[in-house]
Amino acid sequence: MTREELGAHVAHMVWESLTDLLLSDESSRLFSDLGVSTEDGVPSDSATKELLIYLMWAHVRSIRQAFHPRANGDPVNGVLGALHRAIYEDLEKRGITAAELPIFEQRVAARYFDYHHALEESPEVLGRTAARHLGRSDEPTPESARILASWAQEIFQPLQDFLEELEIIPPESPRPK
């Protein structure tokens, strides 16, 4: 797959993961536990964006893990750039304004930093960190933290297994005239 194809494919996987989680029974219990308001089972826009960022991070981490060290640097960065472009384009189609996008991108970078360092400590710390960003409590319940950590784990290994079978095809160079 090319960088663009793989980035777009993984972006689609992020959206599928978000939809699956929003429709799960477990998520409605989680949102209730975290004090996240919902309407017809769907959380507020800000909570949905926080969950999207968490899922983006889990997919990005899987890409980095799967291709390290066999395809570091430009190929992986190209895939990650394509992934983020695809998601940001989808967000614009869903109504996020051009003025809001840079602020969202800053939040993405900050959350990635938080999640990366939290996972370095433990999956439990990752779950608590995600719960704090998603909910209203500085001290989420252990069950909320466990659920969020397990969601990331459910993405990590299957996606890494899938990606380990792939090669990133370099972009074609312009042909000399």
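The values are calculated or read from the model by the stated rules, or taken from the named source; none is laboratory data. Everything numeric here is computed off the predicted structure, so don't read it as measured data. Don't worry about glycine lacking a Cβ; one is built from the backbone with ideal geometry, like all the others, and counts go over all protein chains shown.
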Members of the range 55-82 that are in contact with a Pro (Cβ under 9 Å, 6 or more places away or on another chain) and touching a residue at least 24 places away in the same chain (Cβ under 8 Å):
S62, F67, P75, G78
For residues that are part of a loop (DSSP other than H, G, I, E, B) and either within 22 Å of the chain's Cα centre (by Cα) or modelled with pLDDT of 80 or more (or both), tally how many sit in the range 151-177.
4
With the condition kept exactly as written, say whether any residue in the range 139-150 is in a loop (DSSP other than H, G, I, E, B) and either touching a residue at least 12 places away in the same chain (Cβ under 8 Å) or under 17 Å from the mean Cα position of the chain (by Cα) (or both).
yes
Subset of the range 83-117 (residues that are touching a residue at least 40 places away in the same chain (Cβ under 8 Å), of a type in the set (K, R) and over 21 Å from A130 (Cα atoms))
R85
When the residues of the range 12-54 are filtered to those that are free of Cβ contacts under 8 Å to residues at least 60 places away in the same chain and small (G, A, S), which remaining residue is nearest to T141 (Cα to Cα)?
S32
Counting only helices (runs of 4 or more DSSP H) entirely within the range 1-79, those with at least 3 residues that are acidic (D, E), surrounded by 21 or more Cβ atoms within 10 Å (Cβ to Cβ) and at pLDDT 90 or above are none
